[in-house]
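Heads up: the structure comes next, in structure tokens.
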Amino acid sequence: MVSVVGIFCALLSALLYSIMLIFVKMIDLHPVQISLSRCAVQFLTILPYAQYKHNEVDITGPMGLKLLLCIRGLLGSSGMMFIYLAVDKLPAGNAITISYLRMVMVPFLARILLKESLSIYEIIFAFVALVGVVLIARPTFLFPISYEEEAASLSGIIFALLSALCMALSTIAVSKLGRKTHPALHIIYYSFWGVIMCLIILTAGGDMKYSCMNDLPMLFSFGIIGNLGQFLITIALQRERAGLVVVLHSTQIVFVYIMQVAFLGDVPSYLSLIGAALIFSTSIAIWVRKVINGKRELANT
């Protein structure tokens with residue numbers, strides 16, 4: 001039975017994450033520093049909740065799962081940092097669309113890491129998604145562009161692909177953890193390791209700078225929106241099938257393109273829109289296939 005609450009939470013979470021990506025374009029700070037601000041605020045605001053729920057949440061994590069939680073935290077925060085770096089180099093809609101290749105990456109990574117089966121359909125979906133990436137990236141051997149555009153586009157695409165890879169691996173880590181860990185524990189590890197990693201990168205690169213007072217409310221909102229978005233997606237997953245939640249959350253692609261035009265005045269090319277449609281369609285196709293397979297398995301039992 002479809003849960004209206006689950007659907008609403010998934011869509012609202014996608015909308016909140018879309019707002020954060022547009023904020024990245026609007027703040028004149030290094031993307032890694034924005035990531036640091038988000039993780040720091042998330043960590044400081046989730047700790048009181050964890051203390052309130054101390055009977056349910058052990059902030060050190062269950063025995064035997066601490067390493068996997070650390071890996072999940074590092075991968076999740078790395079994925080966030082990479083998508084912010086990608087948005088800094090690419091139009092926001094293009095960056096988030098390429099990052100959703102994680103939907104296609106998960107079956108292949110699950111085959112390698114978890115020894116799960118891989119069907120011909122996953123290979124077809126991967127090819128369709130790859131065509132979408134080519135239309136968005138527009139490599140010079142197919143679409144002539146200037147050298148400056150090519151350099152910025154290439155680095156942005158690499159960051160978006162790294163974000164997709166980290167998010168796909170993080171998804172597998174979360175599936176391994178299952179329901180053995182409280183959602184707040186994921187946020188604690190995610191934000192803690194995010195702060196450590198961002199501080200190291202900013203210190204090594206000398207990119208840390210003081211933000212102006214006008215940016216502080218927006219930077220603080222990153223952490224609040226991040227916590228709210230993660231809690232909403234957790235509620236959605238508790239009330240609705242995971243496949244449908246992932247598809248609904250991929251409407252972030254649509255939200256970002258709309259906001260990109262409305263708030264930044266950046267109109268995407270028709271090739272970018274076609275590429276986004278192809279990648280978005282693979283998300284829906286993957287979910288539909290899972291639903292069909294699930295019904296077949298029930299029928300055979």
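Spatially close Lys pairs in the chain, defined by Cα atoms under 22 Å apart and a spacing of eight or more places or different chains, total 11. What is the calculated FRET efficiency for ILE158 to THR203, with r their C-beta to C-beta distance and R₀ = 25 Å, to the nearest 0.05? About 0.65, to the nearest 0.05.
For the chain, leaving out every one of the chymotrypsin sites (Phe, Trp or Tyr not before Pro) that falls in a DSSP loop and has at most 16 other Cβ atoms within 10 Å, the longest unbroken run is 1-140. Of the solvent-accessible surface of the chain, computed with a 1.4 Å probe over protein heavy atoms with every protein chain present, carbon and sulfur atoms account for 70 percent.
Of all segments of the chain bounded by trypsin sites (Lys or Arg not before Pro) found in a DSSP loop with no more than 10 other C-beta atoms within 10 Å, the longest spans 180-301. Our summary of shape: the Cα atoms of segment 64-132 have principal axis extents of 39, 35, 10 Å, ordered from largest down, in whole angstrom. Dividing the summed helix terms, -39500 (n - 2.57) for each DSSP H run of n ≥ 4, by the number of residues in the chain produces a 222 nm estimate of -27000 deg cm²/dmol to the nearest 500. Computed over protein heavy atoms with a 1.4 Å probe, the accessible surface of segment 36-92 works out to 47 Å² per residue. Eigenvalues of the alpha-carbon gyration tensor of segment 99-139, scaled by 5 and square-rooted, set the equivalent ellipsoid semi-axes at 22, 11, 6 angstrom, largest first. The Rg/Rh ratio for the chain, using Cα coordinates for both the radius of gyration and the Kirkwood hydrodynamic radius, is 0.96.
The values are calculated or read from the model by the stated rules, or taken from the named source; none is laboratory data. What you see is a predicted model; the values in this text were computed from it and never measured. Cβ: placed from backbone, ideal geometry, glycine included. Neighbour counts: every protein chain shown. Surface accessibility is based on the protein's heavy atoms, side chains included, excluding ligands, DNA and RNA. Shrake-Rupley method; radii C 1.70, N 1.55, O 1.52, S 1.80 Å.
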